[in-house]
1. Once Rh for region 19-101 is found with the Kirkwood sum over Cα pairs, what is the Stokes-Einstein diffusion coefficient at 4 °C and 1.567 mPa s, in µm²/s?
2. In terms of the Cα gyration tensor, with a ≥ b ≥ c the square roots of its eigenvalues, is region 20-61 rounded because a/c is under 1.5, prolate because a/b exceeds b/c, or oblate?
3. What's the angle, to the nearest 10 degrees (0 to 90), between helix 5-15's Cα axis and the longest principal axis of the chain?
4. Would you compute, from DSSP H runs of 4+ residues alone, the mean residue ellipticity of the chain at 222 nm, taking -39500 (n - 2.57) per run and dividing by the full residue count, rounded to the nearest 500?
5. Could you tell me which label, among [x] 1.40; [y] 0.98; [z] 1.08, carries the value of Cα Rg over 2.2 N^0.38 Å calculated for this structure?
6. With the full set of protein chains in place, find how many percent of the accessible area of the chain is carbon and sulfur; take the probe as 1.4 Å.
7. Putting +1 on Lys and Arg Cβ atoms and -1 on Asp and Glu Cβ atoms, find which of 97, 86, 58 reaches farthest to the positive end of the dipole of the chain.
8. With the other protein chains left in place, how much accessible area per residue, in square angstrom, belongs to region 11-116 at a 1.4 angstrom probe?
Amino acid sequence: MTPTLFGRWQTRLLILATMGVLITGMFTTLYPSDPSPPFFLILAYVALFGMAWDTLYHALQQRRWDHDWPAVFQLLAGLWEGLFILTLLTTVGLPGIGNTMPLGGFLWHYSLVWLGYFITTQSLMRILFPRWRFRGGQWWGRF
């Protein structure tokens, strides 16, 4: 499958709005802290910054000879995006969160959300929605 930019955005938002919210909800209830850090806000930043990164990933993908994006690149992108958000959190802070997010909480939460995202794109999406792959990852509209 060669995802289109709009397909990347739609897939990212769909998976983070379903699996990401489910994982974040479970994590928030099980995280031992009072008050609980704003994990749903972190999820929103992951989606927001991820859409910006998808623009770069799409441009890089178009330069590859087969215009494909191997799974290992998606794993590396997840590491890069996590380090980027962690750097912002620890240096300048993010609106609504500041720079008071506990490191362990962020690392566990981000790792679980990204692992859920990766597993969903590499297995569940391909099994449950086989036509998704042939539409460039798009769910609605032809852009």
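1. 90 µm²/s
2. Prolate.
3. 50 degrees
4. -20000 deg cm²/dmol
5. [z]
6. About 73 percent, which is the carbon plus sulfur part of the accessible surface.
7. Of the options given, the answer is 58.
8. 55 Å²
The values are calculated or read from the model by the stated rules, or taken from the named source; none is laboratory data. Quick caveat, the model's predicted, so the values are computed rather than measured. Cβ sites come from the backbone with ideal geometry, for glycine too, and all protein chains shown count toward neighbours. The protein model used for the area step is the full one, side chains on, heavy atoms only, and it has no ligands, DNA or RNA in it. Shrake-Rupley method; radii C 1.70, N 1.55, O 1.52, S 1.80 Å.
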